[in-house]
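Chemist: Dropping a structure here in C-alpha cells format, bear with me for questions.
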Amino acid sequence: MASIGSWWRVVQNEKDRSSGLESDFEYRERWITIRLVYVSGFLMFLSFGVVTTGLWPYLQDMDPTVGKPFLSVVFAAPPAGQLIFSPLIGWCSNRLSSIRVPFVILTALFVFGNGLYSVVELFPTPHRRYVLLLARFVFGISTSINTLSRAYISTATKLSERTGAISMSSLAQTFGLAVGPIIQAALSTIGKEGLMWYGLRINMYTMAGWICAALGVVYILFLNPSCFVHRTIAAQEAMKTTGFSKATDTYEPLKMFSIWTVMIGYSVLMFFYVSVQTALSPISLDQFGWSHEESLYYLGILITGGTLCSCAVFLLLPQLCKRFQEHNVFLFFAIVPLFISQVVMIPMGSKSIPMLDSSNNRSTGVGGGGGCPIEQEWCNSIPPINQYQLTISYTMLCISFSVGIAISQTILSKLLGTRPQGNWMALYTSIGGLTRIIGPASVVVYVRFGTYWLFGLGAMISGLLLIWMWCYKSHLRTTKKIHHAEEMQRMANGVAE
C-alpha cells in the first residue's frame, strides 16, 4: 500500500533530487502529466477492445445487406485516419511548446466518433454503413494522440526512466484491451433490442460507444492547464552528462538499418494482430456455429483472458529486461509467440465444418445458431478450427503484441537518442497504421480461400520475420549507448575535477 501511495503522490527520491535537473515541484508536474498521457492510451485501446467483438454483428443489424468484405473496410477506417493525420500531429509536436491543445482536440474527436457510432440507427438504412464507417474513421484520427504520447514520453523522461515509462504506457494500453471486452461481454446481457431513451436505442452495441464517449469527456476535464503541464528533461540530462551547451550537440548518428528493422518488426506484429481481430467474429460464427450473442459473449471472454495473460507477462517485462537484453526479449517474447499463434491455427482432423442452412437460416452444427455459408465452398473440404486452437493461438498473439509494442518502442526511442522524436514516432505510428489497413484484408482471404490459405500464409510470413530477426538481432542492441553515456559521464566528472 505504501508503494501505491507513493505512486500517486509523485515524490522525487534523493537520487533524482541530487541530479539537480529539476525541483520537487517540477518533478511532480512532469510525472503527473506523464501519467495523464498513460490514460490517453488506455482510452484509445479501451474503445478498440470494446468495439471490436461487436462490430460485425452491429454492422449486420444496422444494414442486413452488408457483406463481410465491407467489414474489412470498416476495420481499415481507424488506421486510415491515423495514417493520414499522424504525420501532421508528429510535425506539430516538434514545433509546439506544449502538446496540451492537440490532446484536447484529439480527445474531443474521440468523443464525437464514439457518439456517432452509437446513433447510427437514427440514419436511413442505406446510409448507416457509411455513417458507421465515418465514425470509425474519426476515431482513427483521434488515435493519432498515440504519436504525441510516444514522442512526449521519449523527451519527458530520463534515460533511466525511459523503459519503465514506455512499459507503463503500454501496460495502460493493454489494460484497456483487457477491460474493453469485459465491458462488451457484460453489455451482452442487455441484448440487441435493449430499450429506447429519448429516441435513442440503448443496447449492447450502442452502450459501448456511449461509455467510451463519457470517459472521453471526463478525460478532457483533466487536461486543464493546472494538471497537464508540458515538461521535458531528456535533452537537459544529455547536456549535463556530455558537458555540451546545446541540445543538438548531443545527437548521435542514426543507425538507419536498426531503426527500420524495429519498424518492420512492429508493423508485422500490428498486421497479424489486426488480421486475427478482424477475422475472429466471422471465424467463430462459421467454424463453431455460434449465434451473434454467443459469439459476442465467448469472444469477449477469450479476448479478455488473452489480454490478461499478456498483462501478466508484461508485468514481468522489467525483470526480463534486467535478465536479458531488450533485443532478445523482443525476439523470444514477441516474434516467437507470433509464429506459434499462426502455426497453431492451421486446421487439423477429419470433422466437418457446420454449414448454414439458407432455407431456415439454421446451422447444421450442434449450436444451431451460425455456421459456414454455402457460398464458401471451401467449407466442404477443410476441417474446422477447434476452440482449443483458437484459445492457444489468441493467447500467444496477445503476448506477442503486448510485449512487442513496448519493447519495439523502447528500442526505437533509445536508437533515436535525445533528438525530438515527433516525426519519427509519427512514421512509426503511420507504418503500423498502414499495416492495419492491409490487415483486415484477411477477411477477404478467409471468405474466398479458407483457413489453410489464411493461416498458412501467416505462418510463412511470421516465420520469415523470425529468421530475419534472429540473423540481425545484434543490430538492435542498445546497451552500447548506455555504456557510452556512462563513459561520457565519467569523462565529464574528470573534467570537472
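Chemist: Name every residue in segment 402-423 that is more than 21 Å from Met168 (Cβ to Cβ) and not in a loop (DSSP other than H, G, I, E, B), in order of residue number.
Modeler: Asn423, the sole residue that qualifies.
Chemist: Would segment 423-439 turn up any residue that is surrounded by fewer than 19 Cβ atoms within 10 Å (Cβ to Cβ) and within 30 Å of Gln376 (Cβ to Cβ)?
Modeler: Yes, segment 423-439 has at least one match.
Chemist: Could you say which residue among Leu308, Leu299, Leu285 is touching a His at 6+ places or on another chain (Cβ under 9 Å) and either in a helix (DSSP H, G or I) or farther than 12 Å from Thr53 by Cα (or both)?
Modeler: Leu285
Chemist: Could you say whether any residue in segment 437-453 is under 28 Å from Phe324 (Cα atoms) and either at pLDDT 85 or above or part of a helix (DSSP H, G or I) (or both)?
Modeler: Of segment 437-453, the ones under 28 Å from Phe324 (Cα atoms) are none.
Within segment 437-453, none of the residues are under 28 Å from Phe324 (Cα atoms) and either at pLDDT 85 or above or part of a helix (DSSP H, G or I) (or both).
Chemist: Applying the selection to segment 50-74, what residues are under 25 Å from Leu427 (Cβ atoms) and modelled with pLDDT of 80 or more? Step through it out loud before you land on a result.
Modeler: Within segment 50-74, the subset under 25 Å from Leu427 (Cβ atoms) is 72-73.
Within segment 50-74, Val73 is the sole residue that qualifies.
Chemist: Oh, and also: Give me the residue from segment 321-335 that is surrounded by fewer than 18 Cβ atoms within 10 Å (Cβ to Cβ) and in a helix (DSSP H, G or I) and, out of that set, modelled with the highest pLDDT.
Modeler: Phe332
Chemist: Shifting gears a bit: Exactly one of these conditions fails for Ser284: (1) open to solvent by 40 Å² or more (accessible area, probe 1.4 Å); (2) closer than 30 Å to Ala208 by Cβ. Give me its number.
Modeler: (1)
The values are calculated or read from the model by the stated rules, or taken from the named source; none is laboratory data. Bear in mind that the values here come from a model prediction, so they are computed numbers and not experimental data. All Cβ positions, even for glycine, are placed from backbone atoms using ideal geometry, and neighbour counts span all protein chains on display. Heads up: the accessible areas ignore ligands, DNA and RNA and are worked out on the full protein's heavy atoms, side chains in. Shrake-Rupley method; radii C 1.70, N 1.55, O 1.52, S 1.80 Å.
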